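Shown next, in structure tokens, is the structure this report addresses.
The values are calculated or read from the model by the stated rules, or taken from the named source; none is laboratory data. This one's a predicted model, so the numbers in the text were calculated from it and none came from an experiment. Heads up, the Cβs are rebuilt from the backbone with ideal geometry, glycines too, and the neighbour counts pull from every protein chain shown.
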Amino acid sequence: MTRLVLVSAVILSCAAPAAACPFCTAVQPSLSERRADAAVALVAEAVRSDDDRRHFTVQKILAGADALADPKQLALGTSDITDGASIKPGQLALALATRRGAAAKLSWEIVPLDEVGYAYVMRSPAPRSPPAERLAYYARYLEHANALVAEDAYREFGNAPYDVVALVADRLPYAAMRRWIVDPRIPEAHKGFYGLALGLATSDADRRANEQVLRQLIDASADDFRAGFDGVLGGYLVLEGSAGLQRIDERLLSNDKARSGDLRHAMTALRFIHEFGRGAIPARELNRAMRKLLRRPELAAPAIVDLARWQDWDALAEIVPLFDRAGYIDPATTRAIVGYLSACPRPEAAETLARLRRQSPQRIAEAERDSLLPPASQ
């Protein structure tokens, strides 16, 4: 039973990447996603504000008409508005209501809209439209001059599954993306997605131009954290396959002077291509690349867990010596090694674990204890 639990623990401790963009940081729900979750959604014009109430004229009801006492006028107490209470008279807004509490009282969010934002919201595809059709619409608004529109279009892509983004690869503005990814004025949080997107190009001209930009970013030296660099590496692997992996190996994985942050980005890119690469890079090459990270003590534990999840049992000979190596004797690495040995089906793995249990009973006991999953009833 302990072995089965440990096997589950080592697999679950490094779960597969999320379906949405793995290189997009903390992407909030888009306006259309919030509309889909709202009990009431409407466009209204602010009329006036009293001390504790905000009055609106309803322009168009998008959803939840039956929840409104008056389909033409809306009066909200400031305590009922969670965001946007300071909207000015005469301004348009997207008003979204969700139900809260036992009495299912409506709680409102007011999103101010200018003319551009109003047109964007009104023309946007219905939330249940085919995902590829929706993204084709939002692609036109990436990095739009209107900040609300630009951020919302990015959120649509950041929350979309990778496979769906790939379906609209021929609709993406690659020339603009090549500029955005090196432009310091573009939000750093967006650049991971643009790096990945550049790897999806379908035309030969875009592929050549995108490869040049991504390669320059990979080759560039950096002294500080590079936001979105994992997306750059992931996009390069999608675009160049094994040749791209060889370059990343030379620049980072086999480079003893590579920065730890860049190597963590490389690890994320390797996980992504293993999950979504559809065999573009052979598994044995990805395994060898991940094993290179075993040379860095700060990265050994997650690398070992990934190798177990990928069932790379040939890494056994490289992992076992780490148990007693200086710099690697820490709880996280010990747990990863014990988990790998527990998951590995080879007889020598079980023999090694038994030997280590005799050699360091307390370390092994603590690792096994900390790796155990809670009972199913908890």
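Of note:
- Failed criterion for residue 145 (all others in (1) touching an Asp or Glu at 6+ places or on another chain (Cβ under 8 Å); (2) at negative phi hold): (1)
- Scanning segment 285-330 for residues that are of a type in the set (Gly, Ala, Ser) and free of Cβ contacts under 8 Å to residues at least 40 places away in the same chain yields 300, 301, 303, 315, 317, 326, 327.
- Residue 243 assigned to a helix (DSSP H, G or I) and out of contact with any helix residue (DSSP H, G or I) (no Cβ under 9 Å at 6 or more places or on another chain): yes
- Considering residues of segment 254-266 that are of a type in the set (A, V, I, L, M) and not in a loop (DSSP other than H, G, I, E, B) only, the residue surrounded by the fewest Cβ atoms within 10 Å (Cβ to Cβ): 263
- Check on residue 189, part of a helix (DSSP H, G or I), touching a Lys or Arg at 6+ places or on another chain (Cβ under 7 Å) and of a type in the set (A, V, I, L, M): no
- Pairs, first over 15 Å from residue 40 (Cβ atoms) in segment 79-100, second part of a loop (DSSP other than H, G, I, E, B), C-beta under 9 Å, six or more apart: 79/52; 91/114; 92/114
- Residue 54 out of contact with any helix residue (DSSP H, G or I) (no Cβ under 6 Å at 6 or more places or on another chain), within 18 Å of residue 128 (Cα to Cα) and surrounded by 14 or more Cβ atoms within 10 Å (Cβ to Cβ): no
- Residues in segment 114-150 that are within 18 Å of residue 95 (Cα to Cα), among the small types (Gly, Ala, Ser) and part of a helix (DSSP H, G or I): 117, 119.
- Checked against the criterion of being at pLDDT 95 or above and surrounded by fewer than 14 Cβ atoms within 10 Å (Cβ to Cβ), the candidates 178, 140 yield just one match: 140.
- Listed here are the strands (runs of 3 or more DSSP E) enclosed by segment 1-94 that have at least 2 residues being more than 30 Å from residue 368 (Cα to Cα) and at pLDDT below 85: 81-83.
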